[in-house]
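Derivation of every value follows stated rules applied to the coordinates shown; laboratory data play no part. These numbers come from a predicted model, not from an experiment. So basically every Cβ, Gly included, is an ideal-geometry build from the backbone, and we count neighbours across all protein chains shown.
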Amino acid sequence: MAKNAGPFNAATVSNLPRKTREWLRMLKAQTAAGSGILFSGLDFTASNLTSLVTRAHNNLQSIDGGTSGQYYHLTLAQHTPVVAAFAVGTKCDGYVRKAPAEIQTTDATQTTVDSLTLLDENTYHIKAWVIGVRSTGAARASYEISCTAYRTGAGVATLEGAVTTIHSRESDATWGATFTVSGNDVRVSVTGAVMTIQWVSLISYINMSN
């Protein structure tokens, strides 16, 4: 029975193009006994690979992530408190912090900086930090406020009692920040003055279903 000699028959190698024969000769020299193809001899142009032997997770390139499509890598010591901070319960979605929201006001009209849509049959403890700064830097304010809010029976968002002001400091006493409701939303609302004011708000909350 004839043996399979691979893609080329030794008897016909001489009929192959010269470049193909030269490639086969170099391949034979590299793969002869006691030899091999060195990793350092491979071309990694446009590649992210640094080694096929060392594939340890901590040796990956761009381990920090930080841009769209990338991932951050954490040690166990870093990962454990992050998971614990955002753990959920049977009826609680855990602690949530929204991304900061910014707006600009130019008059004393009460304006929404950010809002939170409540789930039906849920009660929320909501806290917000608010900063306002006049565009010229001549006036400023900061607030920390909290409230209890809920929805039930497919009804609208409702505040349970008054908004609590934990902290309030302002250059102009006519400025202010509070929670208001509209439909299913609890809103962080600010009041400025007839001047350009930049506002930022950061909302955090926990909620629990009935």
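Below is a table of values for the structure above.
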| quantity | calculated |
| --- | --- |
| For residue 115, residues with placed amide H under 5 Å, excluding near neighbours | 188 |
| For region 70-76, 3J(HN,Hα) per residue [Karplus equation, 6.51 cos²θ - 1.76 cosθ + 1.60, θ = phi - 60°, Hz, x = Gly/Pro] | 10, 9, 7, 10, 10, 6, 4 |
| Amide H contacts under 5 Å for residue 196, placed H, 5+ residues apart | 135 |
| At most 13 other Cβ within 10 Å, DSSP loop - GluC sites (Glu not before Pro), region 122-210 | 160 |
| J(HN,Hα) series, region 153-162, from Karplus relation 6.51 cos²θ - 1.76 cosθ + 1.60, nearest Hz, glycine and proline x | x, 6, x, 7, 5, 9, 8, 8, x, 8 |
| Cα lying deepest toward the dipole's positive end in region 144-210, options 147, 182, 198, charges on Cβ | 182 |
| Relative contact order of region 96-209, pairs being alpha-carbon contacts under 8 Å that are 6 or more residues apart, as % | 43 percent |
| Prolate/oblate/rounded label for region 96-209 (Cα gyration tensor, a/c 1.5) | prolate |
| Under 20 Å from residue 98, Cα to Cα: aspartates and glutamates that are on another chain or at least 8 residues apart | 114, 120, 144, 185 |
| For region 113-121, Karplus couplings with θ = phi - 60° (6.51, -1.76, 1.60), whole Hz, Gly/Pro x | 8, 7, 8, 10, 7, 8, 7, 5, 6 |
| Whether region 77-130 is rounded, prolate or oblate, judged on the alpha carbon gyration tensor where a/c under 1.5 counts as rounded | oblate |
| Dipole magnitude (debye, nearest 20) for region 96-209, charges at Cβ of Lys, Arg, Asp, Glu | 240 debye |
